[in-house]
């Protein structure tokens with residue numbers, strides 16, 4: 001299929017007038033804007049951007065990945081596709097290993113036999129249980145554990161290597177050794193931590209290359225105690241996640257994040273099962289979560305995850321003053337890099353999978369395409 005008369009977003013050039021051809025779900029040609037051909041679909045000057053990739057989302061539509069329910073995970077993937085997210089890595093919670101194993105089995109099933117009109121499952125984000133009790137946030141303290149490579153490896157092998165991100169707190173015993181070993185298999189991220197600068201730096205030098213939801217569940221940056229944020233920002237290999245729902249991070253801190261990590265921000269939703277649902281009481285990792293006015297909190301008032309979609313977060317980032325091109329890369333190509341699949345996803349280029357969104361100049365979503373076919 002040939003799509004013509006579009007403003008196509010190319011990661012290294014921004015928006016360019018172009019047409020493009022898709023065959024067998026893959027981009028095969030980039031052509032001049034006004035290319036004519038019988039049967040071609042004119043996009044009438046609309047903007048085309050890569051499908052978004054959410055590497056940190058727990059749930060939506062009343063379902064949570066950690067439930068270990070395949071139908072729930074499929075419903076999540078369908079909602080994501082309708083919302084402009086064409087690829088995702090569902091995030092698990094701090095739970096018993098056997099619970100994680102069941103959830104990961106559903107991910108493997110969805111990955112191996114992807115349903116139509118559903119976002120692609122590109123990997124798993126193992127958020128927990130290797131976290132600090134002091135910075136556990138909305139994680140369940142009853143299931144916190146010290147880094148355990150053998151337990152991780154068993155989960156990794158059981159799900160066919162789908163774990164693409166594993167999180168840990170650098171101050172825990174054996175964290176640097178775990179990071180060095182796990183980094184041979186997937187991206188290692190620092191998260192839910194009270195670590196100081198030297199502890200964090202040691203884990204990054206050992207092989208960690210990611211920082212989970214920057215600012216949240218970690219010490220604030222201080223001029224005498226730069227901590228985790230300082231150690232991550234000065235390491236050019238480290239990418240940082242950012243929840244841009246307008247609740248977790250102030251707009252000024254969003255702008256600061258893009259300066260601290262130039263070209264290395266991954267926008268995430270950190271969405272919970274209450275995403276896409278009405279106000280009320282929900283569940284997260286065995287704890288009650290209360291959604292009110294778009295904010296999800298635990299009973300003690302702690303902000304849990306978000307109720308926003310990644311597309312909401314992308315638009316918020318631009319509204320907060322982030323350059324539109326950089327914001328788009330932060331929700332597409334950068335996440336693909338951290339999942340290790342940027343050779344196939346995350347940008348519009350010949351040979352890559354044709355997952356794209358049609359939007360207007362204000363980033364209002366018009367339509368979603370997977371494999372070059374419109375999602376209904």
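Counting only alpha carbon atoms, the long axis of helix 310-319 and the longest principal axis of the chain meet at about 80°. May I ask for the angle, rounded to the nearest 10°, between helix 197-206 and the longest principal axis of the chain, with both axes built from Cα atoms and the value confined to 0 to 90°? The angle comes out near 60 degrees. Maximal additional length on extending the residue 376-residue 153 stretch stands at 76.4 nm, based on 0.36 nm per residue less the C-alpha distance.
Here 43, 284 are placed in order of increasing Cβ neighbour count within 10 Å, fewest first, which gives 43, 284. Using a Gaussian network model of the chain in which every pair of alpha carbons under 10 angstrom is joined by a spring, one finds that among 168, 298, 211 the greatest mean-square fluctuation is at 298. Rg and Dmax over the alpha-carbon atoms of region 20-60 stand at 14.8, 44 Å.
Computed from the C-beta positions of residue 102 and residue 205, the FRET efficiency with R₀ = 25 Å rounds to 0.10.
Computed over the chain, the P(r) tail beyond 26 angstrom holds 48 percent of alpha carbon pairs.
Projecting label points 7 angstrom from Cα along Cα→Cβ for residue 28 and residue 184 puts them 4.2 nm apart.
Each of 345, 178, 88 was scored by other Cβ atoms within 10 Å of its Cβ. Listed from fewest to most, they are 345, 178, 88. When 149, 261 are arranged by Cβ crowding within 10 Å, least crowded first, meaning fewest neighbours, the order is 149, 261. Its convex hull of Cα atoms gives region 198-307 a direction-averaged projected area, equal to a quarter of the hull surface, of 7.9 nm².
Please list, in order, the residues from region 109-126 whose amide nitrogen is less than 12 Å from a point placed 7 Å along the Cα→Cβ vector of residue 70. The answer is 109-115, whose backbone nitrogens lie closer than 12 Å to the label point.
No value in this document is a laboratory result; all are computed from the given coordinates. All of these numbers come straight from a predicted model, not from anything done at the bench. Note that we place each Cβ from the backbone using ideal geometry, even for glycine, and neighbour counts take in every protein chain shown.
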